[in-house]
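Beneath this line is the structure, given in structure tokens, with notes to follow.
The values are calculated or read from the model by the stated rules, or taken from the named source; none is laboratory data. Note that the structure is a prediction, hence the values are computed from the model and not measured. A quick note on method: Cβ atoms are made from the backbone with ideal geometry, for glycine too, and the neighbour counts reach across all protein chains shown. We work out accessible area using only protein heavy atoms, side chains counted, and drop any ligands, DNA or RNA first. Shrake-Rupley method; radii C 1.70, N 1.55, O 1.52, S 1.80 Å.
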Amino acid sequence: MGRAHHSTPAAPGRPLDPRSRPRAIARSNPETRRVLARWRELTGGSRTPDTARATLVACSAGADSCALAVLLASSGARIVLGHVQHDLRPPDQTGPDTEHVRSLAQALGVGFALAQVAVPRDAGNLEQSARRARYAALAQLARDAECPYIATAHHAGDQLETLLMRLMRGSGPRGLAGIPPTRRVRAAGGVKLTIVRPMLASPRTLSREVCGMLSCSWREDSTNADTRLLRNALRARVAPEIERLCPTLGERLESGAESLRAASLLLEREAERVLGTASFQNSSAMRKASIPTSSLAGVPAGVVGASLRLLYSRLTGLRGDRLPARTIGRIASAIADQPGEPREFVLSRVRIRVDARAVTIESDAFHAALESESR
């Protein structure tokens, strides 16, 4: 993962007063009160004192994470700003980002923790590799800082972009449930931590409003302007119009995601029953899972899809709906046909084979192990 560096909290009062103005902002605005209430709900509920909610805020130096840092620091809980510096951008960009987060931590009188990581260039999708490295580093920082919670600044705009991308990919109910409000992760030594996203129902405009009210500056990541990347293109060209048409988008997405998570759980319970006949084989070079074709024949299409996705997820370690709907449909058709000749479907380093006896999924063991680290 790389080296981790920590500094002790600085005295409050520089360059803004963390004991008055942030607290006043948090109390005066309904949206900021909602963020704090959601954070408390996700970190133990109303009976837990703020002193028991030690939280590492994933702070990139962008407006979203700076605003979240200010709001959570206003609670009086023990807060640490965790910054991950990776090697995908040049030092003349990452260095100022790091110093910006360090200065914000000093101004707020909270802790600061830094991790430096090298992103593997030979492990498939570079963005996914960077995300895995970042979350692994944040988990280690939180463990070292004795923070059971890691707060990220994902907001309703991020949720919308994620859902649009998954719609385009043809995801099932689990994928269309979007970004979850919480997720459990493990740090070194098996320490269990919880990622919380208290801004998930908040509009994307909230962060800049908070920063503006406090004259709190932030830094822009130049890669966010690259519209060759799908998420950036959706953010620039599609999401603004949807958000304009639906001012209460955050609440709507939260409600819809909750319903889809419930539907997904029901499908996965049925899928678990179906997968009772599955077998798994692991070796140093390959991971393999098989399920008798007869176990899937005559099963409702939604359960077949959930079973295939769950089997694929268990084999590769990938979370969510990673099998596109089109591929699921083709596999389901092959199962219904009971083919005499095997049919194969290849996705990245994963091969799916359907014949009259079984549906078999094989994955490169090194690839699967890397993906498992991101769960």
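Out of ALA105, ALA67, ALA26, ALA115, which single residue is over 15 Å from PRO198 (Cα atoms), in contact (Cβ under 8 Å) with a residue 40 or more places away in the chain and in a helix (DSSP H, G or I)?
ALA105
Any residue at all in region 290-301 that's part of a strand (DSSP E or B), of a type in the set (S, T, N, Q), touching a residue at least 24 places away in the same chain (Cβ under 8 Å) and farther than 24 Å from ALA334 by Cα? Reasoning before the result, please.
First pass over region 290-301, keeping only residues part of a strand (DSSP E or B): 290-292.
Then drop every residue that is not of a type in the set (S, T, N, Q), which leaves 290.
Still in the list and also touching a residue at least 24 places away in the same chain (Cβ under 8 Å): 290.
Next, from what is left, pick out any that are farther than 24 Å from ALA334 by Cα: none.
For region 290-301, residues part of a strand (DSSP E or B), of a type in the set (S, T, N, Q), touching a residue at least 24 places away in the same chain (Cβ under 8 Å) and farther than 24 Å from ALA334 by Cα: absent.
Please determine, by comparing only the residues of region 32-64 that are among the hydroxyl-bearing types (Ser, Thr, Tyr) and part of a helix (DSSP H, G or I), which one is modelled with the lowest pLDDT.
Within region 32-64, the first condition is being among the hydroxyl-bearing types (Ser, Thr, Tyr), and the residues that meet it are 32, 43, 46, 48, 51, 55, 60.
If we keep only those that are part of a helix (DSSP H, G or I) too, we end up with 32, 51.
Numbers: THR32: 93, THR51: 88.
Step by step, filter region 32-64, then rank; the result is THR51.
Could you grab the pairs with beta carbons closer than 7 Å, sequence gap of 6+ or different chains, first residue in region 163-174 and within 15 Å of GLY329 (Cα to Cα), second one of a type in the set (Lys, Arg) and open to solvent by 20 Å² or more (accessible area, probe 1.4 Å)?
Close Cβ pairs (under 7 Å, with a partner that is of a type in the set (Lys, Arg) and open to solvent by 20 Å² or more (accessible area, probe 1.4 Å)) amount to GLY170/ARG326; GLY172/ARG309.
Name the residue, out of SER171, SER202, that is closer than 21 Å to ALA239 by Cβ and open to solvent by 10 Å² or more (accessible area, probe 1.4 Å).
Among SER171, SER202, only SER171 is closer than 21 Å to ALA239 by Cβ and open to solvent by 10 Å² or more (accessible area, probe 1.4 Å).
So if I check each of LEU176, LEU160, which one is crowded, with 17+ Cβ neighbours inside 10 Å and modelled with pLDDT under 95?
Of the residues listed, the single one that is crowded, with 17+ Cβ neighbours inside 10 Å and modelled with pLDDT under 95 is LEU176.
Considering ARG269, ARG184, ARG252, ARG244, which residue is assigned to a strand (DSSP E or B) and without any contact (Cβ under 8 Å) to a residue 40 or more places away in the chain?
Of the residues listed, the single one that is assigned to a strand (DSSP E or B) and without any contact (Cβ under 8 Å) to a residue 40 or more places away in the chain is ARG184.
Could you list, in sequence order, the residues of region 241-251 that are over 20 Å from the mean Cα position of the chain (by Cα), within 19 Å of ALA153 (Cα to Cα) and not acidic (Asp, Glu)?
The one that is over 20 Å from the mean Cα position of the chain (by Cα), within 19 Å of ALA153 (Cα to Cα) and not acidic (Asp, Glu): THR248.
Based on this model, can you work out whether ARG183 counts as open to solvent by 50 Å² or more (accessible area, probe 1.4 Å) and within 21 Å of GLY82 (Cα to Cα)?
Numbers: open to solvent by 50 Å² or more (accessible area, probe 1.4 Å): no; within 21 Å of GLY82 (Cα to Cα): yes.
When the stated conditions are applied, ARG183 does not pass them.
Scanning for something outside any helix (DSSP H, G or I) and open to solvent by less than 60 Å² (accessible area, probe 1.4 Å), does region 302-318 turn up at least one residue? Please lay out each step first, then the result.
Start the filter on region 302-318 by keeping residues that are outside any helix (DSSP H, G or I), which leaves 317-318.
Now restrict to residues that are open to solvent by less than 60 Å² (accessible area, probe 1.4 Å): 317-318.
Yes, that holds for at least one residue.
Scanning region 213-224 for residues that are among the small types (Gly, Ala, Ser) and at pLDDT below 85, which turns out farthest from ALA63 (Cα to Cα)? Break it down stepwise before answering.
Taking region 213-224 and keeping what is among the small types (Gly, Ala, Ser), we get 215, 217, 222.
Next cut, at pLDDT below 85 only: 215, 222.
On the way: SER215: 12, SER222: 13 Å.
Once the filter is applied, the top-ranked residue is SER222.
Being surrounded by 12 or more Cβ atoms within 10 Å (Cβ to Cβ) and small (Gly, Ala, Ser) is the filter; apply it to region 280-299 and report the residue that is farthest from ALA336 (Cα to Cα).
For region 280-299, the residue satisfying everything is ALA289.
SER264 - would you say it is without any contact (Cβ under 8 Å) to a residue 24 or more places away in the chain and buried (at least 17 other Cβ atoms within 10 Å of the Cβ)? Can you show your working first?
Values: without any contact (Cβ under 8 Å) to a residue 24 or more places away in the chain: no; buried (at least 17 other Cβ atoms within 10 Å of the Cβ): yes.
No: the conditions fail for SER264.
Within region 101-122, take every residue that is open to solvent by 40 Å² or more (accessible area, probe 1.4 Å) and touching a Lys or Arg at 6+ places or on another chain (Cβ under 7 Å) and give me the one that is nearest to ILE150 (Cα to Cα).
Start the filter on region 101-122 by keeping residues that are open to solvent by 40 Å² or more (accessible area, probe 1.4 Å), which leaves 102-103, 106, 116, 118, 120-122.
Narrowing further to those that are touching a Lys or Arg at 6+ places or on another chain (Cβ under 7 Å): 106, 116.
Numbers: GLN106: 19, GLN116: 18 Å.
The extreme case among them is GLN116.
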